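The values are calculated or read from the model by the stated rules, or taken from the named source; none is laboratory data. On a predicted model such as this, the values are computed, not experimentally measured, just so you know. We place every Cβ from the backbone using ideal geometry, glycine too, and count neighbours over all the protein chains shown.
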Amino acid sequence: MTVVVTGASGLLGGALVRALRADGERVVRLVRRAPVRDDESFWNPTRDLVDPAALEGARVVVHLAGAGIGDRRWTAAYKREIERSRLDGTRTLAEALAALDRRPEVLLSASGIHYYGDTGDRVVDESAPRGAGFLPDLVARWEAAAEPAARAGIRVVFLRTSQVLSGEGGSLARMIPIFRMGLGAPLGSGRQYWSWISIDDWVAAVRHVMRTPELSGPVNLTSPEPVTNAVFTRALGRALRRPIMPVPVPSFALRAALGEFAREGILGGPRAVPARLLGTGYAFRHKGLDAALAAVL
């Protein structure tokens, strides 16, 4: 089958494309530069530009493109970039798919576990309501932007992804040098929950969603065993065989350095579980954090 992927040059998109090709699938990558390979097609979502010929006849479209949530301090300008990159891209793609004569069976659209906001000790699954804050509001608008595809009869799935563990990129890769120097420490109180998933499970879960027609709407891509930041910190120290600093990084220091992102993305988060994945028979490769870290480091 043909699978169209946006964001294929990123950590998650690259891993997914490699897995799809290893299984013999034909992959078309939508890119925002001049194409240099036969499997690439240009698109520019800020100008509503996408070639219908690249989409026509595809069975699956996976939309992963968007500016990184934690890549920079959240200035007003960068928050607008985060919003624009998600809303424009999703809307452009959804409208283009809806206009096709031969539409895909399914659109898998990136989303985020931070839809639920900071839930403290409360466990949440896909039935939980939206939380409060920039990220929950962003995720709600991001998902709503795919409505044209759903109205056209395309199965739309929102991949509400948690922190993805990989030694090759993402938040874990940024933490590793700090921990290797023996400077790893809990952040703030350390009691806030960090939902996570190994990159192997993320790819496998996306493949599961592709071939499970009863799945539509939000699907949490996260391990069934979320942990607190303090537990995560100790586990990463063990995995790297390095001691942990006895004093946590103060919340005020994180807020001073990272601003609003510290409050929503580091010092608070959902204790989320993947009810819909488990309910449709997905078997996790790495349910526990220690096994996941051993696999990716």
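Looking at R160, is it within 19 Å of the chain's Cα centre (by Cα) and of a type in the set (K, R)?
Details: within 19 Å of the chain's Cα centre (by Cα): yes; of a type in the set (K, R): yes.
Considered against the rule, which asks whether it is within 19 Å of the chain's Cα centre (by Cα) and of a type in the set (K, R), R160 comes out as yes.
Considering only residues that are aromatic (F, W, Y) and without any contact (Cβ under 8 Å) to a residue 40 or more places away in the chain, look in the stretch 25-79 and name the one that is farthest from A253 (Cα to Cα). Steps first, answer last, please.
So the first thing to find is which residues in the stretch 25-79 are aromatic (F, W, Y), and the list is 42-43, 74, 78.
Imposing the further condition that a residue be without any contact (Cβ under 8 Å) to a residue 40 or more places away in the chain reduces the set to 42, 78.
Values: F42: 42, Y78: 21 Å.
By that ranking, first place goes to F42.
Tell me, yes or no, whether the stretch 1-18 has at least one residue that is more than 20 Å from the chain's Cα centre (by Cα), of a type in the set (S, T, N, Q) and either under 25 Å from F134 (Cα atoms) or at pLDDT below 90 (or both). Full working, then the answer.
Initial filter on the stretch 1-18 (more than 20 Å from the chain's Cα centre (by Cα)): 1-2.
Now narrow it down to the ones that are of a type in the set (S, T, N, Q): 2.
From what's left, either under 25 Å from F134 (Cα atoms) or at pLDDT below 90 (or both): none.
So far as the stretch 1-18 goes, no, none of its residues is more than 20 Å from the chain's Cα centre (by Cα), of a type in the set (S, T, N, Q) and either under 25 Å from F134 (Cα atoms) or at pLDDT below 90 (or both).
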Within the stretch 125-136, is there a residue that is among the hydroxyl-bearing types (S, T, Y), within 23 Å of V209 (Cα to Cα), buried (at least 16 other Cβ atoms within 10 Å of the Cβ) and at pLDDT 95 or above?
no
Picking from R174, R211, which residue would you name as being free of Cβ contacts under 8 Å to residues at least 12 places away in the same chain and under 22 Å from R285 (Cα atoms)?
R211
Would the stretch 247-264 turn up any residue that is crowded, with 19+ Cβ neighbours inside 10 Å, under 23 Å from L20 (Cα atoms) and among the charged types (D, E, K, R)?
no
Pairs, please: C-beta under 7 Å, at least 6 apart or cross-chain, first residue without any contact (Cβ under 8 Å) to a residue 24 or more places away in the chain and in the stretch 115-139, second of a type outside the set (F, W, Y) and buried (at least 19 other Cβ atoms within 10 Å of the Cβ)?
R130/P136; A132/G117; P136/H114; P136/G117
Within the stretch 111-120, identify whether any single residue is more than 19 Å from the chain's Cα centre (by Cα), over 28 Å from R207 (Cα atoms) and either surrounded by 17 or more Cβ atoms within 10 Å (Cβ to Cβ) or at pLDDT 95 or above (or both), and answer yes or no.
yes
Complete set of residues in the stretch 234-260 that are hydroxyl-bearing (S, T, Y) and within 28 Å of V206 (Cβ to Cβ):
none
Would you check if there is a residue in the stretch 68-85 being of a type in the set (A, V, I, L, M, F, W, C), within 19 Å of L221 (Cα to Cα) and at pLDDT below 95?
yes
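Per-residue answers, yes or no, for (1) touching a residue at least 60 places away in the same chain (Cβ under 8 Å); (2) within 21 Å of W74 (Cβ to Cβ); (3) among the charged types (D, E, K, R):
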| position | (1), (2), (3) |
| --- | --- |
| G182 | yes, no, no |
| S195 | yes, yes, no |
| L221 | yes, no, no |
| R241 | no, no, yes |
| F261 | yes, yes, no |
| L278 | no, no, no |
Restricting attention to the stretch 194-246, report how many residues are acidic (D, E), closer than 25 Å to A145 by Cα and buried (at least 18 other Cβ atoms within 10 Å of the Cβ).
0
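How do the helices (runs of 4 or more DSSP H) wholly within the stretch 161-277 filter down when requiring 2 or more residues that are at pLDDT 95 or above and basic (K, R): which remain? If you could, list the steps in order and put the result at the bottom.
Numbers: elements: 170-180, 199-210, 229-240, 251-258.
Fully inside the stretch 161-277 and qualifying: 229-240.
Using the structure shown, decide if A15 is in contact (Cβ under 8 Å) with a residue 40 or more places away in the chain, out of contact with any Ser or Thr (no Cβ under 7 Å at 6 or more places or on another chain) and part of a loop (DSSP other than H, G, I, E, B).
On the way: in contact (Cβ under 8 Å) with a residue 40 or more places away in the chain: yes; out of contact with any Ser or Thr (no Cβ under 7 Å at 6 or more places or on another chain): yes; part of a loop (DSSP other than H, G, I, E, B): no.
For A15, the condition - in contact (Cβ under 8 Å) with a residue 40 or more places away in the chain, out of contact with any Ser or Thr (no Cβ under 7 Å at 6 or more places or on another chain) and part of a loop (DSSP other than H, G, I, E, B) - is not met.
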Taking the residues in the stretch 19-51 that are part of a helix (DSSP H, G or I) and modelled with pLDDT of 95 or more as candidates, determine which candidate is surrounded by the fewest Cβ atoms within 10 Å (Cβ to Cβ).
A22
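Out of G7, G66, G13, G57, which single residue is in contact with a Gly (Cβ under 8 Å, 6 or more places away or on another chain) and within 26 Å of D101 (Cβ to Cβ)?
Working: G66 fails: within 26 Å of D101 (Cβ to Cβ); G13 fails: within 26 Å of D101 (Cβ to Cβ); G57 fails: in contact with a Gly (Cβ under 8 Å, 6 or more places away or on another chain).
Among G7, G66, G13, G57, only G7 is in contact with a Gly (Cβ under 8 Å, 6 or more places away or on another chain) and within 26 Å of D101 (Cβ to Cβ).
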